[in-house]
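Below: one structure, written as structure tokens.
Each reported figure results from applying straightforward, stated rules to the coordinates on display, with no laboratory input. What you see is a predicted model; the values in this text were computed from it and never measured. Cβ coordinates were reconstructed from backbone atoms using ideal geometry, including for glycine residues, and neighbour counts include every protein chain displayed.
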Amino acid sequence: MATEESLPEFIRLTGVRKSFGPQKVLRGIDLTILRGETLVLIGPSGEGKSVLLKHIIGLMAPDEGSVAFEGVELGQMKERQLAASRRRMGYLFQNAALFDSLTVAENVAFPLREAGIRDKAEIDQRVHEALDLVELEEHKEKMPVDLSGGMRKRVGIARAIIGRPECILYDEPTAGLDPIVTDIIDKMILRLQKRFQVTSIVITHDIGSVFKIADRVMMLKEGVIYFEGTVDELRNSTDPQIQDFIAGRSGMTV
């Protein structure tokens, strides 16, 4: 895993606020993400973690505050600059979001074709490399309907990395998966960080995954950062709300 002392700043959020009508989702987020680290976002459902990811990749703009990518605010970028920044990031959606009408290989190749790459030999080679990395090369001609949930997530990872991004955003990569497949996904996240030094930002409710993959943990609660620190600091926290979240205790009486 990465060590914080050796990593430069990569992405900075300053005073980020976002509301949808009367609902205040983000209430002033100040967060620095370091190049090459794995930052894991935790917290109760519906607290704005996915909204935060969409601000980082530029799919949403804050009502107030700013998101800066290597010191340049996304809000100040022209559309061409913003598109170039997005290409430096990969995004794994909660349900993998594969196209049902495309094969595995065609799904993985989709970002390359969208980027204007037309050379078939280059596309085939990069699809092969991406699928080999997630150990799915032999399934490249299958349709998404013929894959298990874990395999679909791995295809989603292959599609996220085929553009050779510097940063990968994972939205619930292990949701709905059994413990063995969850461990496979966790190890793939670690493998990508180690092999390519990518920055990883991971939303998860799987506490076991947090302890396996995180360099740093941020807990979002009621639209603000409730906790930020290392895995050891999370584990050793005496805050009862943090301990209840780690243990999965609701506080409801029976």
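Run the dipole for the range 64-212 about the Cα centre, Lys and Arg Cβ at +1, Asp and Glu Cβ at -1, nothing else charged, and hand back the magnitude in debye, nearest 20.
Charge dipole, the range 64-212, about its Cα centre: 380 debye, nearest 20.
Which three extents, in angstrom, do the Cα atoms of the range 48-93 have along their principal axes, listed largest first?
25, 25, 17 Å, listed from the longest principal axis down.
Treating the range 125-166 as a set of equal point scatterers at the Cα positions, no solvent, please give the Debye-formula log₁₀ I(q)/I(0) at q = 0.24 Å⁻¹.
-0.76
Once you charge only the Cβ atoms, +1 for Lys and Arg and -1 for Asp and Glu, what is the size of the charge dipole of the chain about its Cα centre, to the nearest 20 debye?
The calculation lands at about 520 debye.
Would you be so kind as to identify which of Phe245, Ala96, Gly150 lies farthest towards the positive end of the dipole of the chain, taking Lys and Arg as +1 and Asp and Glu as -1 on Cβ and the Cα centre as origin?
Value: Ala96.
Hey, what did the chain get for relative contact order, percent, Cα under 8 Å, at least 6 apart?
26
From the phi angles alone, apply the Karplus equation (6.51, -1.76, 1.60; θ = phi - 60°) to the range 218-235 and give each ³J(HN,Hα) in whole Hz, x where the residue is Gly or Pro.
10, 9, 9, 8, 6, x, 10, 7, 8, 8, 8, x, 7, 4, 5, 5, 5, 4
Can you give me the long-range amide H partners of Thr38? Hydrogens built in the peptide plane at 1.01 Å from N, cutoff under 5 Å, separation of 5 or more residues or another chain.
Here the answer is Ala2, Ser200, Asp215, Arg216, since their amide H atoms fall under 5 Å of that of Thr38.
Which value, in debye to the nearest 20, gives the size of the charge dipole of the range 1-134 about its Cα centre, when Lys and Arg are +1 and Asp and Glu are -1 at the Cβ?
Once rounded to the nearest 20, the dipole reads 480 debye.
List the lysines whose Cα lies under 20 Å from the Cα of Lys18, skipping any in the same chain that are fewer than 8 positions away.
Hits, sequence-local ones excluded: Lys49, Lys54, Lys221.
Under 22 Å between C-alpha atoms is the cut-off here; go through the range 103-219 and count lysine pairs that meet it, provided they're at least eight residues apart or on different chains.
For the range 103-219, the number of qualifying lysine pairs is 10.
Which residue, Gly208, Gly229, Ala160, has the largest displacement toward the positive end of the dipole of the range 159-254 when charges sit on each Cβ (Lys, Arg +1; Asp, Glu -1)?
Looking along the dipole axis, the top candidate is Ala160.
If amide H atoms are built 1.01 Å from N in the plane of the peptide, which residues on other chains or at least 5 residues away come under 5 Å of the amide H of Lys221?
Amide H neighbours of Lys221, under 5 Å, 5+ apart: Tyr226.
Give me the percent of DSSP beta bridges within the chain that run antiparallel, rounded to the nearest 5.
Among the beta bridges of the chain, antiparallel pairing accounts for roughly 55 percent.
Here are some values of percent of Cα pairs over 34 Å apart: (1) 26; (2) 17; (3) 11. Which one was computed from this structure?
(2)
Name the residue farthest towards the positive end of the dipole of the range 1-143 from the options Ile33, Ile117, Leu52, assuming +1 on Cβ of Lys and Arg, -1 on Cβ of Asp and Glu, about the Cα centre.
Result: Leu52, furthest along the dipole toward the positive end.
Which log10 I(q)/I(0) values, to two decimals, does the range 43-194 give at q = 0.11 Å⁻¹ under the Debye formula with one point per Cα?
Here the Debye-derived log intensity ratios amount to -0.46.
Taking the convex hull of the alpha carbon atoms in the range 1-109, what volume per residue do you get, in Å³?
Dividing the Cα hull volume of the range 1-109 by its residues yields 157 Å³.
If Lys and Arg each add +1 and Asp and Glu each add -1, what is the summed charge of the other residues whose beta carbon sits under 14 Å from the beta carbon of Gly163?
+3
Over the range 42-147, what is the relative contact order in whole percent, taking alpha-carbon pairs under 8 Å and six or more residues apart?
21
When averaged across all projection directions, what area in nm² does the alpha-carbon convex hull of the range 118-254 cover?
Spelled out: convex hull of the Cα atoms, projected over all directions, averaged, 11.1 nm².
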